[in-house]
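Report on one structure; see the data block that follows.
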Amino acid sequence: MGKFMYSSPATAVEFDDRVLAHLKVVITAKLRRGESFTFTWTNTPESGGGRNSVWLNPSVPLQFEFYGSKDPHLNRNWLEVLARLTNTPTGLQIVPEPPETPETPETPETPETTSVPEPAAADSVQKTAGKSHATQGTKLPEGG
C-alpha cells in the first residue's frame, strides 16, 4: 500500500502500489501540462465510507509514497482509460483495470521473425528489419 498526499497540511490516502503507480503517471502528465482537474476516490468502510474529491492543481504540493521498492508494470490500456476520465465532468476516478493488449516484442524485428500480411489493396505497409514503409501500389527498391 502506498500513499497519495496532497496539499499542505497533507491529505493522505492509501492506495495499492499498482493503483498508485498508474495514478502517478496520469496525474503528473496532466499537471506537467498545467491542467487542473478533480480526483475522486471511495473511502474504505474502515475509514468511514463515503467518498472524497480534491481539485488537483499544478501549484499545490503533491507526493506519491510507495511502500514497495520496485516499480509495478504499467498497463497502457488502464493509463488511457484513467487519462480520458480526467477530461470528464466527474474527473479522475479509480476504475477496474482493463485487460492488457499484448505488446510488440522487446527485441528488434528481423525479416525472419516479421510476418507481413498479404496486401488487401494497392495501398499497404511493408515491414523490413523493423522499419515500416508505406507503399501505394509500387514496389520498394531493394534495401529500402
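Each reported figure results from applying straightforward, stated rules to the coordinates on display, with no laboratory input. Bear in mind the structure is a predicted one, so any value in this text is a computation, not a measurement. Neighbour counts are summed over all protein chains in view; Cβ atoms, including those assigned to glycine, are modelled from backbone coordinates with ideal geometry.
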Point to revise | Lys24, Lys70 arranged by Cβ crowding within 10 Å, fewest neighbours leading | key: Lys70, Lys24
Review point. Between Val95 and Ser7, what is the label-to-label distance in nm when each label sits 7 Å out along the Cα-to-Cβ direction?
Key: 2.7 nm
Practice item. Can you work out the PRE-style zone for Asp71? Point 7 Å along Cα to Cβ, and I want the residues of the range 1-28 with backbone N under 13 Å. Key: 21-22, 24-26
Exercise for review: Quote the charge dipole size of the range 2-93 about the Cα centre in Debye, to the nearest 20; the model charges only the Cβ of Lys and Arg (+1) and of Asp and Glu (-1).
Suggested key: 300 debye
Review point. Which GluC sites (Glu not before Pro) in the range 55-106 pass both tests, a DSSP loop state and at most 10 other beta-carbon atoms within 10 Å?
Key: Glu103, Glu106
Check your understanding: Measuring from label point to label point, each 7 Å out along Cα→Cβ, what is the Asn52 to Arg33 span in nm?
Key -> 2.7 nm
Review point. Does the range 2-93 come out rounded, prolate or oblate by the C-alpha gyration tensor, with a ≥ b ≥ c the root eigenvalues, rounded set by a/c under 1.5 and, if not, prolate when a/b is larger than b/c and oblate if not?
Key: rounded
